[in-house]
Amino acid sequence: MQKIINVLAVASGLVSAAVVASGVYVYVNRDAIIDGVKSQAIEAVTGSLGGLGGGLGGGLGGDLPIGTPDLTPPPADAADAPGVPSAGLGISQF
């Protein structure tokens, strides 16, 4: 019985040492780890953009001619919101 307890104590000590060692490793190398994660995230985002990632300075990869508006202007009655139900209590306003 004493041998089993000794084995469990040694195993517990090894696990505790491994946890402390990994914590110290992460603390010491946190800047390198953060930079690696940032670069992987940037690569993942720019890779998912397709052809847009490489030519952002040239107007979305050069697909649009110079002077082309990115968005069409809103219609004249865009401020009106037809079909939006009132949130009131049904009391008419004068």
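Confirm whether D70 is modelled with pLDDT under 60, charged (D, E, K, R), open to solvent by 100 Å² or more (accessible area, probe 1.4 Å) and in a loop (DSSP other than H, G, I, E, B). Considered against the rule, which asks whether it is modelled with pLDDT under 60, charged (D, E, K, R), open to solvent by 100 Å² or more (accessible area, probe 1.4 Å) and in a loop (DSSP other than H, G, I, E, B), D70 comes out as no. Kindly list the number of the only condition in (1) open to solvent by 60 Å² or more (accessible area, probe 1.4 Å); (2) at pLDDT below 95 that fails for I5. Status for I5: all satisfied but (2).
The values are calculated or read from the model by the stated rules, or taken from the named source; none is laboratory data. None of the values given here were measured: they were computed from a predicted structure. Side chains are part of the model used for accessible areas, which takes the heavy atoms of the whole protein and leaves out ligands, DNA and RNA. Shrake-Rupley method; radii C 1.70, N 1.55, O 1.52, S 1.80 Å.
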